[in-house]
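In what follows, a structure is listed as structure tokens, so that the remarks can point back to it.
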Amino acid sequence: MIVAFLNQKGGVGKTTLALHLAGAWSARGRRVLVVDADPQASALDWADQRLREGLPRLFGVLGLARETLHKELPDLARETDHLIIDGPPRVAGIARSALLAADLVLIPAQPSPFDGWASSEMLRLLDEARIFRPELRARMLLNRCAARTVIARETAEALADQDPPMLASRVGQRVAFADAARTGRLASESETGQMATRDIEALADELDGLAQ
Ligand SMILES: Nc1ncnc2c1ncn2[C@@H]1O[C@H](COP(=O)(O)OP(=O)(O)O)[C@@H](O)[C@H]1O
Ligand SMILES: [Mg+2]
């Protein structure tokens, strides 16, 4: 299955969630490849940081920030159980190509009443892709949720009936996620990462359920 983390907005958690989901799936014995489709290459930086720290390789990270993803990924996907695309902000050409390659699109969003979902560029790209690929599945994923805040609840309520539907799993605002980029570690490898790891395990469970 090809899963693409996409959102034209930067800083919503595409890279963090792509890497952590990859870690959770590879810990379950799956063959996982992360395709870094962001010209800023933060997933590749994370993999480099791991190498420098002498940490073991958990899954492959391949840099492919180009508009030909949809032609190149099917071959790569055959060698894996899960190919995860870490999408770029802004670059619509690459996002379009990822939308042609993906089986499932995950759109991370932060709980905010001001996010203006309905009019977002991302949803427009998704609608456009569905003209050619009506079977393309997409889900919103709330990231950086503070525990039970009014804003998170209101955002969830406001988005509840929308298309794409929202995953039941939410990912909390956790220091262990914020540390990951700098340390090259996943939350599951950090002493303070239990809550973050629980969030990701629940996400992986829900996605495994979707894939069946
Ligand atoms: N759930 C979270 N809890 C805490 N920090 C987070 C969380 N998700 C993302 N971050 C932090 O937010 C910043 C942006 O996340 P990132 O994954 O790079 O977003 P994107 O790839 O969409 O630009 C990073 O510094 C990351 O560590
Ligand atoms: Mg990123």
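The values are calculated or read from the model by the stated rules, or taken from the named source; none is laboratory data. The model shown is predicted, which means the values in this text are computed figures rather than measured ones. When we count neighbours, we look across all protein chains shown, and the Cβ atoms used for this are built from the backbone with ideal geometry, even at glycine. Quick note on the areas: whole protein, heavy atoms, side chains included, nothing else; ligands and nucleic acids left out. Shrake-Rupley method; radii C 1.70, N 1.55, O 1.52, S 1.80 Å.
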With (1) within 15 Å of the chain's Cα centre (by Cα); (2) open to solvent by 10 Å² or more (accessible area, probe 1.4 Å) as the list, and residue 56 as the residue in question, which single condition is left unmet?
(1)
Residue 26: touching a helix residue (DSSP H, G or I) at 6+ places or on another chain (Cβ under 6 Å), away from ligand 1 (no atom under 12 Å from the Cβ) and in a helix (DSSP H, G or I), yes or no?
no
Going through segment 80-92 one residue at a time, which ones are more than 15 Å from ligand 1 (Cβ to nearest atom) and farther than 21 Å from residue 210 by Cα?
92
Any pair with Cβ under 7 angstrom, 6 or more apart, that starts in segment 182-211 at a residue that is closer than 15 Å to residue 55 by Cα and assigned to a loop (DSSP other than H, G, I, E, B) and ends at one that is of a type in the set (Gly, Ala, Ser) and modelled with pLDDT under 95
186/180
Give segment 130-147 a look and list any residue that's open to solvent by 10 Å² or more (accessible area, probe 1.4 Å) and out of contact with any strand residue (DSSP E or B) (no Cβ under 6 Å at 6 or more places or on another chain), or say none.
130, 131, 132, 133, 134, 135, 144, 146, 147
Find the residue count for segment 29-48, including only residues that are on the phi > 0 side of the Ramachandran plot and within 15 Å of the chain's Cα centre (by Cα).
1
Cβ contacts < 9 Å: first residue more than 9 Å from ligand 1 (Cβ to nearest atom), restricted to segment 165-176; second residue part of a loop (DSSP other than H, G, I, E, B) and open to solvent by 50 Å² or more (accessible area, probe 1.4 Å), any location; separation 6+ or different chain. Result?
166/160
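Conditions tested, residue by residue: (1) charged (D, E, K, R); (2) outside any strand (DSSP E or B); (3) open to solvent by 10 Å² or more (accessible area, probe 1.4 Å).
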| residue | (1), (2), (3) |
| --- | --- |
| 8 | no, yes, yes |
| 34 | no, no, no |
| 38 | yes, yes, yes |
| 47 | no, yes, yes |
| 52 | yes, yes, yes |
| 77 | no, yes, yes |
| 93 | no, yes, yes |
| 96 | yes, yes, yes |
| 107 | no, no, no |
Can you name every residue in segment 175-202 that is open to solvent by 80 Å² or more (accessible area, probe 1.4 Å) and within 16 Å of ligand 2 (Cβ to nearest atom)?
182
If residue 9 satisfies every condition in (1) within 17 Å of residue 106 (Cα to Cα); (2) away from ligand 1 (no atom under 16 Å from the Cβ); (3) among the basic types (Lys, Arg) but one, which is the exception?
(2)
Please find, among 65, 18, 4, the residue that is assigned to a helix (DSSP H, G or I), surrounded by 18 or more Cβ atoms within 10 Å (Cβ to Cβ), within 14 Å of ligand 1 (Cβ to nearest atom) and on the phi < 0 side of the Ramachandran plot.
18
From the options 129, 77, 147, 95, residue that is of a type in the set (Gly, Ala, Ser) and under 15 Å from the mean Cα position of the chain (by Cα)
95
